[in-house]
Amino acid sequence: MRVRFAPSPTGYLHIGGARTALFNWLYARRHGGSFVLRIEDTDTERSSWEMVAGIVDGLRWLGLDWDEGPDVGGPYAPYFQSQRVERARRLAEQLVSAGRAYFCYCTAEMLQQKRQAAEAAGGGWVYDRACCALRADEIAARETAGTPRAIRFKVPAGTTSFTDLVHGPIAFDNAHIEDFVVLRSDHQPTYHLSVVADDMDMTITHVVRGDDHISNTPKQVLLYEAFGVAHPQFAHVPLILGPDKKRLSKRHGATSVMEYQRLGYLPEAMVNFLALLGWSPGDDRELFTRDELIASFALEGISGGNAVFNPEKLDWFNQQHIQRLPLDELARRVEPALREAGLWTAELAGPRHDWFVRLVDLIRPRVKRLDQFADEMRPFLEQVVQYDASAVAKHLGKPEIKEALQPLIDSLQTVEPFTAPQLEVTMRALAESRGVKAAALIHATRVAVTGRAVSPGLFQVLELMGRECVTQRLGEAMNYLLK
(Lines give C-alpha, C1' and ligand atoms only; values in the text may rest on other atoms or scores of the structure.)
Protein backbone atom coordinates (compact mmCIF):
# COMPACT_ATOMS: atom_id res chain seq x y z
CA MET A 1 0.00 0.00 0.00
CA ARG A 2 1.32 3.40 -1.00
CA VAL A 3 -0.22 6.76 -0.12
CA ARG A 4 0.97 10.27 -0.71
CA PHE A 5 0.59 13.79 0.57
CA ALA A 6 1.06 16.17 -2.32
CA PRO A 7 0.76 19.80 -1.23
CA SER A 8 1.26 22.79 -3.47
CA PRO A 9 3.86 25.12 -1.91
CA THR A 10 1.61 28.16 -2.26
CA GLY A 11 1.17 28.62 1.48
CA TYR A 12 2.38 27.22 4.74
CA LEU A 13 1.05 23.91 5.99
CA HIS A 14 -2.49 24.76 7.04
CA ILE A 15 -4.81 22.85 9.34
CA GLY A 16 -6.73 21.15 6.54
CA GLY A 17 -3.55 20.00 4.80
CA ALA A 18 -2.08 18.80 8.09
CA ARG A 19 -5.18 16.71 8.79
CA THR A 20 -5.01 15.19 5.28
CA ALA A 21 -1.31 14.40 5.74
CA LEU A 22 -2.06 12.86 9.13
CA PHE A 23 -4.79 10.58 7.76
CA ASN A 24 -2.44 9.40 5.01
CA TRP A 25 0.40 8.88 7.48
CA LEU A 26 -1.78 6.98 9.95
CA TYR A 27 -3.18 4.78 7.18
CA ALA A 28 0.30 3.93 5.92
CA ARG A 29 1.66 3.22 9.39
CA ARG A 30 -1.41 1.17 10.30
CA HIS A 31 -0.96 -1.13 7.31
CA GLY A 32 2.81 -1.16 6.96
CA GLY A 33 2.64 0.87 3.75
CA SER A 34 4.71 3.77 2.40
CA PHE A 35 3.96 7.43 3.01
CA VAL A 36 5.23 9.58 0.14
CA LEU A 37 5.69 13.35 0.28
CA ARG A 38 5.51 14.94 -3.16
CA ILE A 39 5.65 18.69 -3.74
CA GLU A 40 3.29 19.84 -6.49
CA ASP A 41 5.20 22.98 -7.39
CA THR A 42 4.16 23.50 -11.00
CA ASP A 43 2.37 26.77 -10.20
CA THR A 44 5.57 28.75 -10.61
CA GLU A 45 3.91 32.12 -10.01
CA ARG A 46 2.60 31.14 -6.57
CA SER A 47 5.14 28.54 -5.45
CA SER A 48 8.26 29.40 -3.49
CA TRP A 49 11.06 27.61 -1.68
CA GLU A 50 10.07 29.40 1.51
CA MET A 51 6.65 27.78 1.27
CA VAL A 52 8.21 24.35 0.71
CA ALA A 53 10.26 24.80 3.89
CA GLY A 54 7.12 25.87 5.75
CA ILE A 55 5.31 22.67 4.76
CA VAL A 56 8.27 20.45 5.62
CA ASP A 57 8.74 22.17 8.99
CA GLY A 58 5.06 21.72 9.79
CA LEU A 59 5.11 18.00 9.00
CA ARG A 60 8.27 17.50 11.05
CA TRP A 61 6.83 19.36 14.01
CA LEU A 62 3.81 17.08 13.92
CA GLY A 63 6.11 14.05 13.74
CA LEU A 64 4.83 12.92 10.34
CA ASP A 65 7.92 11.37 8.79
CA TRP A 66 7.86 10.35 5.13
CA ASP A 67 9.35 7.21 3.59
CA GLU A 68 10.01 8.86 0.23
CA GLY A 69 10.24 12.48 -0.79
CA PRO A 70 12.37 15.60 -0.33
CA ASP A 71 15.47 15.09 1.83
CA VAL A 72 15.08 11.30 1.96
CA GLY A 73 14.85 10.41 -1.74
CA GLY A 74 13.39 7.14 -2.91
CA PRO A 75 13.01 4.84 -5.93
CA TYR A 76 10.61 7.18 -7.75
CA ALA A 77 12.58 10.41 -7.46
CA PRO A 78 12.38 13.27 -8.19
CA TYR A 79 9.60 14.19 -5.75
CA PHE A 80 9.10 17.72 -7.01
CA GLN A 81 6.44 17.89 -9.71
CA SER A 82 8.31 20.68 -11.51
CA GLN A 83 11.13 18.22 -12.18
CA ARG A 84 8.75 15.71 -13.77
CA VAL A 85 7.24 17.97 -16.43
CA GLU A 86 8.79 16.21 -19.43
CA ARG A 87 7.13 12.94 -18.46
CA ALA A 88 3.72 14.65 -18.35
CA ARG A 89 4.33 16.29 -21.74
CA ARG A 90 5.10 12.91 -23.30
CA LEU A 91 1.91 11.50 -21.84
CA ALA A 92 -0.10 14.37 -23.30
CA GLU A 93 1.31 13.65 -26.76
CA GLN A 94 0.58 9.98 -26.19
CA LEU A 95 -3.08 10.82 -25.59
CA VAL A 96 -3.20 12.73 -28.89
CA SER A 97 -1.61 9.82 -30.78
CA ALA A 98 -4.17 7.44 -29.28
CA GLY A 99 -7.07 9.67 -30.29
CA ARG A 100 -7.98 10.43 -26.69
CA ALA A 101 -6.96 14.09 -26.89
CA TYR A 102 -6.59 16.78 -29.55
CA PHE A 103 -4.76 20.02 -30.24
CA CYS A 104 -6.69 23.17 -29.31
CA TYR A 105 -5.61 26.41 -30.98
CA CYS A 106 -8.26 28.60 -29.37
CA THR A 107 -6.77 31.66 -27.71
CA ALA A 108 -7.78 32.86 -24.28
CA GLU A 109 -9.47 35.85 -25.94
CA MET A 110 -11.56 33.63 -28.20
CA LEU A 111 -12.67 31.47 -25.32
CA GLN A 112 -13.54 34.52 -23.23
CA GLN A 113 -15.68 35.96 -26.03
CA LYS A 114 -17.62 32.71 -26.38
CA ARG A 115 -18.12 32.47 -22.65
CA GLN A 116 -19.37 36.05 -22.40
CA ALA A 117 -21.73 35.54 -25.34
CA ALA A 118 -23.22 32.44 -23.72
CA GLU A 119 -23.65 34.21 -20.40
CA ALA A 120 -25.25 37.21 -22.12
CA ALA A 121 -27.75 34.83 -23.69
CA GLY A 122 -28.58 33.54 -20.23
CA GLY A 123 -26.87 30.18 -20.50
CA GLY A 124 -23.80 28.42 -19.26
CA TRP A 125 -20.91 27.54 -21.49
CA VAL A 126 -18.59 24.58 -21.90
CA TYR A 127 -15.96 24.19 -24.56
CA ASP A 128 -17.67 23.59 -27.90
CA ARG A 129 -15.03 21.23 -29.35
CA ALA A 130 -14.29 23.66 -32.16
CA CYS A 131 -10.73 22.36 -32.53
CA CYS A 132 -11.79 18.73 -32.27
CA ALA A 133 -13.53 19.19 -35.63
CA LEU A 134 -10.42 20.45 -37.43
CA ARG A 135 -9.37 18.46 -40.50
CA ALA A 136 -5.88 16.95 -40.70
CA ASP A 137 -4.74 19.54 -43.25
CA GLU A 138 -5.97 22.40 -41.03
CA ILE A 139 -4.05 20.98 -38.10
CA ALA A 140 -0.92 20.49 -40.24
CA ALA A 141 -1.07 24.09 -41.43
CA ARG A 142 -1.29 25.40 -37.90
CA GLU A 143 1.54 23.16 -36.78
CA THR A 144 3.73 24.30 -39.66
CA ALA A 145 3.00 27.92 -38.78
CA GLY A 146 3.91 27.24 -35.14
CA THR A 147 0.49 28.38 -33.89
CA PRO A 148 0.38 28.09 -30.09
CA ARG A 149 -1.88 25.28 -28.97
CA ALA A 150 -2.99 23.44 -25.90
CA ILE A 151 -3.95 19.79 -25.69
CA ARG A 152 -7.48 18.93 -24.59
CA PHE A 153 -8.69 15.55 -23.39
CA LYS A 154 -11.64 14.24 -25.38
CA VAL A 155 -14.25 13.26 -22.82
CA PRO A 156 -16.21 10.23 -24.02
CA ALA A 157 -19.98 9.93 -23.76
CA GLY A 158 -21.41 8.01 -20.86
CA THR A 159 -20.87 7.96 -17.13
CA THR A 160 -17.69 8.00 -15.05
CA SER A 161 -17.96 6.31 -11.69
CA PHE A 162 -15.79 5.19 -8.82
CA THR A 163 -16.31 3.81 -5.33
CA ASP A 164 -15.17 6.23 -2.68
CA LEU A 165 -13.92 4.57 0.50
CA VAL A 166 -15.70 7.21 2.57
CA HIS A 167 -18.77 8.15 0.54
CA GLY A 168 -19.44 4.91 -1.36
CA PRO A 169 -20.32 4.79 -5.09
CA ILE A 170 -20.16 8.14 -6.91
CA ALA A 171 -21.08 8.67 -10.56
CA PHE A 172 -20.78 11.65 -12.90
CA ASP A 173 -22.58 12.22 -16.18
CA ASN A 174 -19.83 12.90 -18.72
CA ALA A 175 -22.14 15.33 -20.50
CA HIS A 176 -21.35 17.75 -17.67
CA ILE A 177 -17.57 17.37 -18.04
CA GLU A 178 -16.09 19.55 -20.77
CA ASP A 179 -13.04 18.55 -22.76
CA PHE A 180 -10.44 19.70 -20.28
CA VAL A 181 -6.94 20.98 -20.99
CA VAL A 182 -4.12 18.61 -20.03
CA LEU A 183 -1.25 20.62 -21.53
CA ARG A 184 -1.41 24.42 -21.74
CA SER A 185 -0.17 26.42 -24.70
CA ASP A 186 2.96 27.32 -22.72
CA HIS A 187 3.72 23.56 -22.61
CA GLN A 188 3.00 23.30 -18.90
CA PRO A 189 0.90 20.30 -17.87
CA THR A 190 -2.23 21.02 -15.89
CA TYR A 191 -2.96 19.69 -12.41
CA HIS A 192 -5.05 16.76 -13.64
CA LEU A 193 -2.42 15.35 -15.98
CA SER A 194 0.47 15.99 -13.58
CA VAL A 195 -1.17 14.33 -10.61
CA VAL A 196 -2.23 11.28 -12.60
CA ALA A 197 1.20 10.96 -14.21
CA ASP A 198 2.97 11.16 -10.86
CA ASP A 199 0.55 8.83 -9.07
CA MET A 200 0.94 6.27 -11.86
CA ASP A 201 4.73 6.51 -11.86
CA MET A 202 4.93 6.29 -8.07
CA THR A 203 2.46 3.36 -7.96
CA ILE A 204 0.17 5.13 -5.51
CA THR A 205 -2.55 2.71 -4.41
CA HIS A 206 -4.74 4.98 -2.25
CA VAL A 207 -5.49 8.68 -2.64
CA VAL A 208 -6.76 10.18 0.61
CA ARG A 209 -7.63 13.85 0.21
CA GLY A 210 -10.24 16.51 0.96
CA ASP A 211 -13.83 16.48 -0.21
CA ASP A 212 -13.12 19.51 -2.39
CA HIS A 213 -11.32 17.14 -4.78
CA ILE A 214 -14.35 14.96 -5.48
CA SER A 215 -15.23 17.04 -8.54
CA ASN A 216 -11.70 16.53 -9.89
CA THR A 217 -11.84 12.77 -9.57
CA PRO A 218 -13.90 11.87 -12.70
CA LYS A 219 -11.41 13.70 -14.92
CA GLN A 220 -8.57 11.80 -13.32
CA VAL A 221 -10.41 8.47 -13.58
CA LEU A 222 -10.90 9.17 -17.30
CA LEU A 223 -7.17 9.79 -17.68
CA TYR A 224 -6.31 6.52 -15.94
CA GLU A 225 -8.68 4.70 -18.27
CA ALA A 226 -7.14 6.39 -21.30
CA PHE A 227 -3.68 5.24 -20.20
CA GLY A 228 -4.95 1.73 -19.57
CA VAL A 229 -4.01 1.84 -15.91
CA ALA A 230 -6.26 0.95 -12.96
CA HIS A 231 -6.94 4.03 -10.88
CA PRO A 232 -6.04 4.08 -7.18
CA GLN A 233 -8.70 3.80 -4.54
CA PHE A 234 -10.05 7.18 -3.52
CA ALA A 235 -11.06 8.33 -0.05
CA HIS A 236 -12.35 11.88 0.24
CA VAL A 237 -12.38 13.19 3.78
CA PRO A 238 -14.70 15.89 5.14
CA LEU A 239 -13.72 19.53 5.04
CA ILE A 240 -12.88 21.38 8.24
CA LEU A 241 -15.23 24.21 9.15
CA GLY A 242 -14.90 27.01 11.67
CA PRO A 243 -17.23 27.30 14.69
CA ASP A 244 -19.61 29.33 12.47
CA LYS A 245 -19.87 26.30 10.12
CA LYS A 246 -18.09 28.17 7.33
CA ARG A 247 -14.92 26.86 5.73
CA LEU A 248 -11.94 27.32 8.03
CA SER A 249 -10.00 30.46 7.20
CA LYS A 250 -7.85 33.14 8.81
CA ARG A 251 -10.91 34.87 10.20
CA HIS A 252 -11.26 31.93 12.59
CA GLY A 253 -7.76 32.47 13.97
CA ALA A 254 -4.48 30.73 13.24
CA THR A 255 -4.58 28.43 10.21
CA SER A 256 -0.86 27.63 9.83
CA VAL A 257 0.32 24.62 11.80
CA MET A 258 3.52 26.40 12.85
CA GLU A 259 1.48 29.24 14.34
CA TYR A 260 0.14 26.72 16.82
CA GLN A 261 3.66 25.76 17.77
CA ARG A 262 4.41 29.42 18.48
CA LEU A 263 1.19 29.71 20.47
CA GLY A 264 2.34 26.98 22.84
CA TYR A 265 0.56 23.86 21.60
CA LEU A 266 2.12 20.42 21.80
CA PRO A 267 2.44 18.41 18.59
CA GLU A 268 1.03 15.40 20.44
CA ALA A 269 -2.11 17.40 21.25
CA MET A 270 -2.45 18.78 17.73
CA VAL A 271 -2.12 15.29 16.21
CA ASN A 272 -4.72 13.92 18.65
CA PHE A 273 -7.08 16.81 17.92
CA LEU A 274 -6.66 16.65 14.12
CA ALA A 275 -7.20 12.89 14.05
CA LEU A 276 -10.64 13.33 15.58
CA LEU A 277 -11.68 16.01 13.08
CA GLY A 278 -13.80 13.77 10.89
CA TRP A 279 -12.64 10.40 12.22
CA SER A 280 -13.89 8.33 15.14
CA PRO A 281 -12.37 5.20 16.69
CA GLY A 282 -15.85 3.76 17.09
CA ASP A 283 -16.03 4.29 20.85
CA ASP A 284 -15.96 7.22 23.26
CA ARG A 285 -12.18 7.48 23.56
CA GLU A 286 -10.71 10.92 22.96
CA LEU A 287 -7.15 10.91 24.28
CA PHE A 288 -4.66 9.00 22.15
CA THR A 289 -0.93 8.66 21.92
CA ARG A 290 0.55 8.51 18.44
CA ASP A 291 0.92 4.72 18.67
CA GLU A 292 -2.66 4.33 19.85
CA LEU A 293 -3.88 6.34 16.86
CA ILE A 294 -1.92 4.13 14.49
CA ALA A 295 -3.37 1.00 16.05
CA SER A 296 -6.94 2.33 15.85
CA PHE A 297 -7.06 4.24 12.57
CA ALA A 298 -9.28 2.97 9.77
CA LEU A 299 -10.83 4.76 6.83
CA GLU A 300 -14.17 3.24 7.80
CA GLY A 301 -14.14 5.53 10.84
CA ILE A 302 -14.16 8.68 8.69
CA SER A 303 -17.54 10.39 8.63
CA GLY A 304 -19.11 11.86 5.54
CA GLY A 305 -20.09 15.10 7.27
CA ASN A 306 -17.88 18.15 7.66
CA ALA A 307 -15.83 18.53 10.85
CA VAL A 308 -15.87 21.65 13.04
CA PHE A 309 -12.64 23.15 14.35
CA ASN A 310 -13.28 24.03 17.98
CA PRO A 311 -10.42 26.06 19.53
CA GLU A 312 -11.68 25.36 23.05
CA LYS A 313 -11.51 21.63 22.38
CA LEU A 314 -7.95 22.03 21.11
CA ASP A 315 -7.07 23.83 24.34
CA TRP A 316 -8.55 20.93 26.30
CA PHE A 317 -6.51 18.40 24.35
CA ASN A 318 -3.38 20.47 24.88
CA GLN A 319 -4.01 20.72 28.60
CA GLN A 320 -4.51 16.96 28.82
CA HIS A 321 -1.30 16.20 26.96
CA ILE A 322 0.63 18.71 29.08
CA GLN A 323 -0.54 16.76 32.12
CA ARG A 324 0.65 13.51 30.59
CA LEU A 325 4.12 14.56 29.49
CA PRO A 326 6.99 13.29 31.67
CA LEU A 327 8.11 16.16 33.86
CA ASP A 328 11.66 16.35 32.54
CA GLU A 329 10.36 16.45 28.97
CA LEU A 330 7.79 19.11 29.84
CA ALA A 331 10.51 21.18 31.53
CA ARG A 332 12.57 20.98 28.34
CA ARG A 333 9.65 22.20 26.25
CA VAL A 334 8.87 25.08 28.61
CA GLU A 335 12.38 26.49 28.27
CA PRO A 336 11.82 28.33 24.93
CA ALA A 337 8.83 30.21 26.37
CA LEU A 338 10.91 31.30 29.37
CA ARG A 339 13.77 32.39 27.12
CA GLU A 340 11.41 34.49 25.04
CA ALA A 341 10.03 36.09 28.21
CA GLY A 342 13.53 36.83 29.49
CA LEU A 343 13.08 34.54 32.50
CA TRP A 344 15.51 31.74 31.67
CA THR A 345 18.85 31.46 33.47
CA ALA A 346 21.59 28.87 33.14
CA GLU A 347 20.99 27.82 36.74
CA LEU A 348 17.63 26.34 35.76
CA ALA A 349 19.44 23.82 33.59
CA GLY A 350 22.19 23.34 36.18
CA PRO A 351 22.15 23.47 39.98
CA ARG A 352 18.48 24.52 40.16
CA HIS A 353 17.18 22.00 37.61
CA ASP A 354 15.47 19.77 40.18
CA TRP A 355 13.84 22.85 41.70
CA PHE A 356 12.74 23.98 38.23
CA VAL A 357 11.15 20.60 37.52
CA ARG A 358 9.19 20.89 40.79
CA LEU A 359 8.06 24.35 39.69
CA VAL A 360 6.89 22.97 36.35
CA ASP A 361 4.93 20.31 38.22
CA LEU A 362 3.33 22.95 40.45
CA ILE A 363 2.30 25.17 37.55
CA ARG A 364 1.16 22.68 34.93
CA PRO A 365 -2.38 22.06 36.27
CA ARG A 366 -3.01 25.77 35.72
CA VAL A 367 -2.02 26.12 32.06
CA LYS A 368 -3.47 25.12 28.72
CA ARG A 369 -0.53 26.17 26.57
CA LEU A 370 3.24 26.20 26.97
CA ASP A 371 3.45 29.97 26.57
CA GLN A 372 1.32 30.40 29.71
CA PHE A 373 4.08 28.89 31.85
CA ALA A 374 6.10 32.08 31.55
CA ASP A 375 3.49 34.31 33.15
CA GLU A 376 2.62 31.76 35.84
CA MET A 377 6.31 31.31 36.71
CA ARG A 378 7.18 35.01 36.75
CA PRO A 379 6.72 35.45 40.56
CA PHE A 380 9.11 32.54 41.14
CA LEU A 381 11.79 33.61 38.68
CA GLU A 382 11.90 37.39 39.03
CA GLN A 383 13.79 38.93 41.91
CA VAL A 384 11.44 41.88 42.38
CA VAL A 385 7.76 41.30 43.11
CA GLN A 386 5.40 43.12 40.76
CA TYR A 387 2.41 44.01 42.95
CA ASP A 388 -1.10 44.06 41.54
CA ALA A 389 -2.47 47.26 43.10
CA SER A 390 -6.04 45.94 43.30
CA ALA A 391 -4.85 42.74 45.01
CA VAL A 392 -2.83 44.77 47.54
CA ALA A 393 -5.79 47.01 48.29
CA LYS A 394 -8.14 44.07 48.72
CA HIS A 395 -5.99 41.73 50.78
CA LEU A 396 -3.25 43.78 52.47
CA GLY A 397 -5.13 46.91 53.42
CA LYS A 398 -6.66 45.92 56.77
CA PRO A 399 -4.72 46.97 59.91
CA GLU A 400 -4.97 43.55 61.56
CA ILE A 401 -3.38 41.98 58.47
CA LYS A 402 -0.56 44.51 58.33
CA GLU A 403 0.11 43.93 62.01
CA ALA A 404 0.26 40.16 61.46
CA LEU A 405 3.04 40.25 58.86
CA GLN A 406 5.99 40.63 61.26
CA PRO A 407 4.74 37.86 63.59
CA LEU A 408 4.31 35.72 60.47
CA ILE A 409 7.92 36.38 59.49
CA ASP A 410 9.05 35.41 62.99
CA SER A 411 7.02 32.18 62.87
CA LEU A 412 8.37 31.22 59.44
CA GLN A 413 11.96 31.79 60.58
CA THR A 414 11.66 28.86 62.98
CA VAL A 415 9.14 26.48 61.39
CA GLU A 416 10.60 23.03 60.74
CA PRO A 417 10.42 21.44 58.32
CA PHE A 418 9.66 24.18 55.79
CA THR A 419 7.09 22.07 53.99
CA ALA A 420 3.54 22.73 52.84
CA PRO A 421 1.81 20.70 55.61
CA GLN A 422 3.82 22.31 58.39
CA LEU A 423 3.47 25.76 56.89
CA GLU A 424 -0.31 25.38 56.83
CA VAL A 425 -0.37 24.33 60.50
CA THR A 426 1.84 27.29 61.45
CA MET A 427 -0.15 29.90 59.55
CA ARG A 428 -3.53 28.72 60.76
CA ALA A 429 -2.29 28.69 64.36
CA LEU A 430 -0.94 32.22 63.98
CA ALA A 431 -4.22 33.44 62.50
CA GLU A 432 -6.17 31.92 65.37
CA SER A 433 -3.85 33.41 67.99
CA ARG A 434 -4.25 36.89 66.50
CA GLY A 435 -7.99 36.65 66.00
CA VAL A 436 -7.91 36.97 62.22
CA LYS A 437 -9.48 34.67 59.70
CA ALA A 438 -7.04 32.11 58.33
CA ALA A 439 -8.31 32.76 54.79
CA ALA A 440 -7.56 36.48 55.17
CA LEU A 441 -3.99 35.79 56.28
CA ILE A 442 -3.51 33.24 53.50
CA HIS A 443 -4.72 35.67 50.80
CA ALA A 444 -2.55 38.45 52.22
CA THR A 445 0.52 36.21 52.24
CA ARG A 446 -0.12 35.17 48.65
CA VAL A 447 -0.21 38.80 47.50
CA ALA A 448 2.90 39.61 49.57
CA VAL A 449 5.06 36.86 48.07
CA THR A 450 3.68 36.70 44.47
CA GLY A 451 2.19 40.15 43.98
CA ARG A 452 -1.02 38.47 42.80
CA ALA A 453 -4.42 37.49 44.15
CA VAL A 454 -4.33 34.15 42.33
CA SER A 455 -1.62 31.48 42.38
CA PRO A 456 -1.17 27.76 42.90
CA GLY A 457 -1.85 26.48 46.44
CA LEU A 458 -0.16 28.95 48.79
CA PHE A 459 1.57 26.41 51.02
CA GLN A 460 3.10 24.65 48.02
CA VAL A 461 4.19 28.06 46.71
CA LEU A 462 5.88 28.93 50.02
CA GLU A 463 7.64 25.58 50.23
CA LEU A 464 9.00 25.92 46.71
CA MET A 465 10.10 29.53 47.18
CA GLY A 466 11.94 28.57 50.36
CA ARG A 467 12.28 30.22 53.76
CA GLU A 468 14.78 32.91 52.77
CA CYS A 469 12.80 34.11 49.76
CA VAL A 470 9.45 34.05 51.57
CA THR A 471 10.57 35.96 54.65
CA GLN A 472 12.41 38.48 52.49
CA ARG A 473 9.31 39.11 50.38
CA LEU A 474 7.09 39.49 53.43
CA GLY A 475 9.52 42.12 54.71
CA GLU A 476 9.46 43.88 51.33
CA ALA A 477 5.67 43.83 51.39
CA MET A 478 5.71 45.54 54.79
CA ASN A 479 7.98 48.26 53.38
CA TYR A 480 5.76 48.60 50.30
CA LEU A 481 2.72 49.20 52.54
CA LEU A 482 4.54 52.04 54.33
CA LYS A 483 4.94 54.03 51.11
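Key figures for this structure:
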| read-out | value |
| --- | --- |
| Loop trypsin sites (Lys or Arg not before Pro), region 101-165 (other Cβ atoms within 10 Å of the site Cβ: 13 or fewer; DSSP) | ARG135 |
| Summed residue charge, Cβ within 14 Å of ASN479's Cβ, Lys/Arg positive, Asp/Glu negative | +2 |
| Cys residues of the chain counted as unpaired, since no other Cys beta-carbon is under 4.7 Å | CYS106, CYS132, CYS469 |
| Rounded to 5, percent antiparallel among DSSP beta bridges of the chain | 55 percent |
| Protection proxy ranking, peptides 342-348, 6-12, average beta carbon neighbours within 10 Å, highest first | 6-12, 342-348 |
| Cα shape, region 251-329, gyration tensor, a/c 1.5 rule | oblate |
| Kirkwood Rh and Cα Rg combined as Rg/Rh, region 77-218 | 0.99 |
| Sequence-separation-based contact order of the chain, relative, with Cα cut under 8 Å and 6+ spacing, percent | 12 percent |
| Size-normalised alpha-carbon gyration radius of region 1-56, reference 2.2 N^0.38 Å | 1.18 |
| Total formal charge among the other residues, if their Cβ is under 12 angstrom from that of GLN323, Lys/Arg +1 and Asp/Glu -1 | +2 |
| Nearest-ten-degree value, helix 372-381 long axis tilted from longest Cα axis of the chain | 30 degrees |
| Carbon + sulfur, % of accessible area of region 233-284 - ligands and nucleic acids excluded, 1.4 Å | 50 percent |
| HN-Hα J in Hz across region 104-117 - Karplus 6.51, -1.76, 1.60, θ = phi - 60°, x for Gly and Pro | 10, 9, 5, 7, 4, 5, 4, 5, 5, 4, 5, 5, 5, 5 |
| Average accessible surface area per residue within the chain, 1.4 Å rolling probe, Å² | 47 Å² |
| Cβ-derived FRET efficiency at R0 22 Å, THR10 paired with VAL126, nearest 0.05 | 0.20 |
| Charge tally in the Cβ shell below 9 Å around ILE240, where Lys, Arg are +1 and Asp, Glu are -1, ILE240 excluded | +2 |
| The chain: C-alpha gyration tensor shape, a/c 1.5 cut-off, then a/b vs b/c | prolate |
| Relative contact order %, region 95-177, counting alpha carbon pairs below 8 Å whose residues are six or more apart | 33 percent |
| Mean separation of Cα contacts under 8 Å, 6 or more apart, over the residue count of region 331-463: relative contact order % | 27 percent |
| Partner lysines for LYS398 [C-alpha distance under 19 Å; skip if fewer than 8 residues away on the same chain] | LYS437, LYS483 |
| Karplus-derived 3J(HN,Hα), 6.51/-1.76/1.60, for each residue of region 64-75, Hz, glycine and proline x | 8, 7, 10, 7, 9, x, x, 6, 10, x, x, x |
| Length released on extending from LEU482 to LEU381, taking residue separation times 0.36 nm less the Cα-Cα span | 33.8 nm |
| With Cα atoms, 0 to 90° folded angle of helix 311-324 axis to the chain main axis | 60 degrees |
| Solvent-accessible area, 1.4 Å probe, carbon plus sulfur percent, for region 1-88 | 46 percent |
| In degrees, nearest ten, helix 136-145 long axis to first principal axis of the chain (Cα) | 60 degrees |
| Added length on full extension, which subtracts the Cα-Cα distance from 0.36 nm per residue, GLN406 to GLU312 | 29.4 nm |
| Amide hydrogen neighbours beyond the local backbone of CYS104, cut-off 5 Å, H modeled | ALA150, ILE151, ARG152 |
| Accessible carbon and sulfur surface of region 387-464 relative to its total accessible area, %, 1.4 Å | 54 percent |
| Zone residues, region 223-264, relative to SER215, backbone N less than 19 Å from point 7 Å out along Cα-to-Cβ | 223, 235-241, 246-249 |
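The values are calculated or read from the model by the stated rules, or taken from the named source; none is laboratory data. Fair warning: this is a prediction, and the values are worked out from it, not measured in the lab. Virtual Cβ from ideal backbone geometry, glycine too; neighbours counted across all protein chains shown. Accessible surface areas use protein heavy atoms only, side chains included; no ligands, DNA or RNA. Shrake-Rupley method; radii C 1.70, N 1.55, O 1.52, S 1.80 Å.
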